[in-house]
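Read the structure below first, then the notes.
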Amino acid sequence: MLVAVAVAASLTLCGAYVAAGGASYEPATVRDPCEPREWRSPEGIQEIAEQFSLSALDGAACELRVSRETLARALATERSRERFAARYGIGDARLEQAVRAGLERAVDDAERAGALNPFVAGALREVVRRVPVDEAIELIRDSRRLLEDADGLAGAAGDLLDQAGELLP
């Protein structure tokens, strides 16, 4: 009796799957990382950080001619970076160049979207050029800390400018 119920439930589940279009399933195509992605209207540091990281991954993946998903998996650990480099014949210098290019693209995209003001964007570009590559990779994986620091820097700079303006005749 239990076997018959299990078979009936299985057949019902399979029928529902086919009726819902499961028989014609095709995986989604992977987007070209070189194609620009429109930024949503970010609200808050977390949403900006998510879009910043995706944009940085797209930029770096475009430089390396791989998918964003492939690069995201590669940047997860030191070991995965080594396997990725060996598989695609990418040296440390090329990976570093791509990571920096990806971060610069993310800064440009964030500035264009109005998520970063030009002062903060300029400061972030300098950080991207100078930060050690391991830290640059960490910025791609989690840019929230960088953006919070930049937001604080912009606030402090704005306060200084306001104070300077009060001193001027």
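The values are calculated or read from the model by the stated rules, or taken from the named source; none is laboratory data. Being a predicted model, the structure only gives us computed values, none of them experimental. Don't worry about glycine lacking a Cβ; one is built from the backbone with ideal geometry, like all the others, and counts go over all protein chains shown.
Tabulated data
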{"quantity": "Filter result (surrounded by fewer than 21 Cβ atoms within 10 Å (Cβ to Cβ), touching a helix residue (DSSP H, G or I) at 6+ places or on another chain (Cβ under 8 Å) and not hydroxyl-bearing (S, T, Y)) within the stretch 85-99", "calculated": "A85, I90, G91, D92, R94, E96, Q97, A98"}
{"quantity": "Residue count for the stretch 71-84, restricted to those that are crowded, with 16+ Cβ neighbours inside 10 Å and out of contact with any Pro (no Cβ under 9 Å at 6 or more places or on another chain)", "calculated": "5"}
{"quantity": "Given (1) part of a helix (DSSP H, G or I); (2) modelled with pLDDT of 80 or more; (3) surrounded by 11 or more Cβ atoms within 10 Å (Cβ to Cβ), number of the condition S10 does not satisfy", "calculated": "(3)"}
{"quantity": "Flag for R37 being within 26 Å of D109 (Cβ to Cβ), assigned to a loop (DSSP other than H, G, I, E, B) and either in contact with a helix residue (DSSP H, G or I) (Cβ under 7 Å, 6 or more places away or on another chain) or modelled with pLDDT of 85 or more (or both)", "calculated": "yes"}
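Here is a yes/no grid of residues against (1) without any contact (Cβ under 8 Å) to a residue 24 or more places away in the chain; (2) in contact with a Ser or Thr (Cβ under 6 Å, 6 or more places away or on another chain); (3) of a type outside the set (D, E, K, R):
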residue	(1), (2), (3)
Q46	no, no, yes
A56	no, no, yes
E63	no, no, no
T70	yes, no, yes
S80	yes, no, yes
F84	yes, no, yes
A98	no, no, yes
